[in-house]
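Chemist: This is the structure I have questions about; it appears just below.
The values are calculated or read from the model by the stated rules, or taken from the named source; none is laboratory data. Here the structure is a predicted model, which is why all the values come from computation and not from measurement. Cβ atoms come from the backbone with ideal geometry, glycine included; neighbour counts cover every protein chain shown.
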Amino acid sequence: MRSPPPWPPEKGFAVNRIFQASARTPEGGTSSIVDRLIQASSDLAILIAGDGTIEEVHLGKAFARERADGWLGRSWVDTVTSDTRSKIRSLLDEVKDVEISRFRQVNQVFADGIEIPVSFTVLQFDGKGRVLALGRDLRALSDLQKQLVDAQQALERDYWRLRQVETRYRLLFQKSSEAVLFLEAGSRRVVDANEAAGRAFGLPLRELMDLRIPEGLDLEPEETEKLRSHLAAVATSGKAEPITLTLSDGAVWDFHASLVREDRDQIFLAHLSPTGSVPDSVDEREKRWVQLLENAPDGWVVTDMDARVVAVNRAFLDLVQLSSEEEALGQSLGKWLGRPGADLTVLLANLQKFGVVRLFPTTLLGELDMDTEVELSGILLEEVDPPVVGIVVRNVSRRLAVDRGARRNLTSTMDELTHQVGKVSLKELVQNTTAVVEAHFIEAALELTDDNRTAAAELLGVSRQSLYTKLRRYNLEGPSRDRN
């Protein structure tokens, strides 16, 4: 039986000659087994003499594009970065006492200056002091570690930003001279209140928390019924006329509640003020909120139901590169979206259906051709007349990109097609490449539109029939959520 060629095929590796001399079988199969074992267990193999110099180098498929010129005859320690040389010395010292060393990660420097992380283990090779270093490419693991660190840092930044916002909210809330209460709409239990509310009801703040309104208050029966009717009217219609309450100390207060949404729950926002001061206090509160929104670091925009701009803040004007609010008023929000037909359609459709949209990714196009990656979070306010849409625009261009994995998969596939050069014709290569890229972008469009094929076809600029044909061709068919 003819012996298989040594590994690598183009020239005999020293390990073949050693094993052929020491453990030859009648069939001549020993070297082939050793070749396959080394090839399967490593991406990079280095044969090192007893004095630490490199005798032979084999680059596996993972390093097919790298060059190891000039390594032969040099000390292995001199081919790695200075901060990992101590690990090489530890490996060489360790293998003198044991047959196989532990794995250590070093940064191997290739001929073109590229530093690549490699995990090496060293094993005794023969009785002459030579050793064999087997390495595994750690670039994929290194990329994952970097992404994990970037994601963790982004989470920590968001966490501390939220903590700062919460601290400011608590400071403003507790220092406010106006009594404010937050009540669960269903149980009418107090979930939050400020010190002014405790003083108005003559109760310590800790006793006011979790109290049910109005049953837990010391009010006259007619006052209790009046308050209960007011809250019922707000729960039914979303608003009601303010009422006056005479509290236990004889003081007369104006009480006004409104209904707000918090995730899927409904909350009463109630405030009390001395009789006759409600209009002024409401005006002052609204001025404070408007001032906060106008100076917020994130952009915000208010539009009507047709996405026509009603109001914006300074941060949004900076993102779309406008100098004044007047230039934006009356314009369609879709004018500045990267995919105006698809993105605006999907955004408005989800607002109509769910009432709220969170972290909708898109691109904002400035008037001076500056593109900014953003996330949109919006809410539909049907309680006001006419209804409006409020949208927060957050710049995420510096955040960890969410589609790195998809790009790596596409790059990996393209690398596989590149390896077919010389094996198939140019025409077939182009056809295969076109199919891969086309399928990739169809999947990306379906992901962006939440598998809405109508919106995906509009996003890609093709007809629905053409999109269905391509889905069948690339085996991408599945349940869809078309919205006609």
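Chemist: Within region 108-126, identify whether any single residue is farther than 30 Å from Glu55 by Cα and surrounded by 12 or more Cβ atoms within 10 Å (Cβ to Cβ), and answer yes or no.
Modeler: Looking through region 108-126, none of the residues is farther than 30 Å from Glu55 by Cα and surrounded by 12 or more Cβ atoms within 10 Å (Cβ to Cβ).
Chemist: Would you mind telling me which numbered condition in (1) part of a loop (DSSP other than H, G, I, E, B); (2) surrounded by 13 or more Cβ atoms within 10 Å (Cβ to Cβ); (3) over 49 Å from the mean Cα position of the chain (by Cα) Leu203 fails?
Modeler: (3)
Chemist: Among the numbered conditions (1) modelled with pLDDT of 70 or more; (2) surrounded by 13 or more Cβ atoms within 10 Å (Cβ to Cβ); (3) under 14 Å from the mean Cα position of the chain (by Cα), tell me where Ser397 comes up short.
Modeler: (2)
Chemist: Can you tell which of Leu365, Leu380 is modelled with pLDDT of 85 or more and more than 23 Å from the chain's Cα centre (by Cα)?
Modeler: Numbers: Leu365 fails: more than 23 Å from the chain's Cα centre (by Cα).
Answer to the selection: Leu380.
Chemist: Pick from Glu27, Glu56: which is outside any helix (DSSP H, G or I), at pLDDT 70 or above and among the acidic types (Asp, Glu)?
Modeler: Working: Glu27 fails: at pLDDT 70 or above.
Of Glu27, Glu56, the one residue that is outside any helix (DSSP H, G or I), at pLDDT 70 or above and among the acidic types (Asp, Glu) is Glu56.
Chemist: Where the second residue is assigned to a loop (DSSP other than H, G, I, E, B) and modelled with pLDDT of 75 or more and the first is of a type in the set (A, V, I, L, M) and lies in region 282-307, which pairs have Cβ atoms under 8 Å and are six or more apart or on separate chains?
Modeler: Listed by first residue and then by second, the contacts come to Leu293/Asn313; Ala296/Asn313; Val301/Asn313; Val301/Ala328; Met305/Pro386; Met305/Pro387.
Chemist: If you don't mind, another one. Quick one: is Ala154 touching a Phe, Trp or Tyr at 6+ places or on another chain (Cβ under 8 Å), in contact (Cβ under 8 Å) with a residue 12 or more places away in the chain, of a type in the set (A, V, I, L, M, F, W, C) and surrounded by 11 or more Cβ atoms within 10 Å (Cβ to Cβ)?
Modeler: no
Chemist: Continuing with the same structure: Select from region 352-400 the residues that are of a type in the set (D, E, K, R), closer than 14 Å to Gly338 by Cα and either free of Cβ contacts under 8 Å to residues at least 24 places away in the same chain or in contact with a helix residue (DSSP H, G or I) (Cβ under 9 Å, 6 or more places away or on another chain) (or both) and list them in ascending order.
Modeler: Matches in region 352-400: Glu367, Asp369, Glu375.
Chemist: When you look at Ala349, is it closer than 28 Å to Gln266 by Cα and touching a residue at least 12 places away in the same chain (Cβ under 8 Å), yes or no?
Modeler: yes
Chemist: Could I ask something else about it? Go through Arg161, Arg168 for me and flag whichever is of a type in the set (Lys, Arg) and over 26 Å from the mean Cα position of the chain (by Cα).
Modeler: Within the list Arg161, Arg168, the selection yields Arg168.
Chemist: Name, by its number, the condition in (1) at pLDDT below 90; (2) polar (S, T, N, Q); (3) under 25 Å from Gly127 (Cα atoms) that does not hold for Ser82.
Modeler: Checking Ser82 against (1) at pLDDT below 90; (2) polar (S, T, N, Q); (3) under 25 Å from Gly127 (Cα atoms), the one that fails is (3).
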